[in-house]
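The values are calculated or read from the model by the stated rules, or taken from the named source; none is laboratory data. Not measured: the values here are computed from a predicted model. Every residue, glycine among them, receives a Cβ derived from its backbone with ideal geometry; neighbour counts consider all protein chains shown.
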Amino acid sequence: MNNRIIGHFGGYRKMLSFNWTCLIYHATTLFCKRNYNYKNDQLGKTVGQMIGAARSARQNIVEASSRAATSKEQELKQLDVAKGSLDELAGDYEAYIIDSNEVPWSKKDERYIEVKALELDIFEHTDDLDHDYGIYTQNMRKRCSKWLENENPIIAANALLISIRKACSLITGQMHRIADDFVQNGGFTEKMSKARLEYRDAEFESEGSPKCPLCGKSMRKVVARKGRYIGKSFWGCCDYPNCNGTRDI
């Protein structure tokens with residue numbers, strides 16, 4: 001029964017949105033170490049906000065995956081927070097580029113096209129999950145390091161800006177799929193109600209209750225609470241109020 005009620009959860013390491021966000025987080029911490037110090041960020045607010053936004057995006061995807069088991073609404077909210085954090089981080093990189101008297105790369109720029117074309121492998125679940133995912137992450141960092149971890153801050157900022165847009169697009173697509181699934185299959189509450197009704201119907205059938213004369217579903221014993229038959233027992237359709245079928249006992 002629980003397997004039908006509690007949905008799938010976890011598995012976020014297989015999601016490209018999460019893996020891109022991880023690379024963005026690691027590259028952001030490196031970017032901040034290289035390009036900010038007590039002179040240009042005396043209170044550490046810029047570094048704190050940038051790393052905080054990158055971390056928030058990563059951790060909210062993890063939490064969204066965990067909440068998927070029992071709440072589509074919470075899963076969507078956490079993903080929305082993750083996307084918002086990435087959008088905030090994109091603003092910081094855009095501001096850095098402009099403050100450096102540069103402009104973000106055009107979509108026609110060869111560098112933009114090359115970064116946009118970067119692809120990540122799909123991580124496959126293993127028995128040694130944490131260890132093997134660490135290896136996977138390091139390999140993907142090496143693949144993208146030419147751009148995301150470039151020592152030239154303008155190149156790194158542009159590459160990270162492009163990667164953030166890609167991660168946001170992936171998260172948006174993920175949110176649409178979750179919403180569509182909810183419309184078609186319902187959420188945790190609906191599944192709980194359905195499972196309870198199925199169990200109740202099966203229980204009535206095992207007790208030898210008759211079938212409803214109107215819809216054919218199982219019936220249950222009911223005691224009239226009002227009217228001229230108050231206090232009298234009768235068979236009522238389990239699908240009431242959708243069905244008003246009754247039988248005398």
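The helices (runs of 4 or more DSSP H) falling completely within segment 37-150 that include 2 or more residues that are surrounded by fewer than 17 Cβ atoms within 10 Å (Cβ to Cβ) and at pLDDT below 95 map to 45-67, 72-99, 129-148. For segment 90-119, filtering for residues that are under 30 Å from the mean Cα position of the chain (by Cα), farther than 24 Å from residue 55 by Cα and of a type in the set (A, V, I, L, M) leaves 2. I'm checking my understanding of the structure. Among residues of segment 151-200 that are among the polar types (S, T, N, Q) and either at pLDDT 85 or above or not in a helix (DSSP H, G or I) (or both), which one is nearest to the chain's Cα centre (by Cα)? It comes out as 174.
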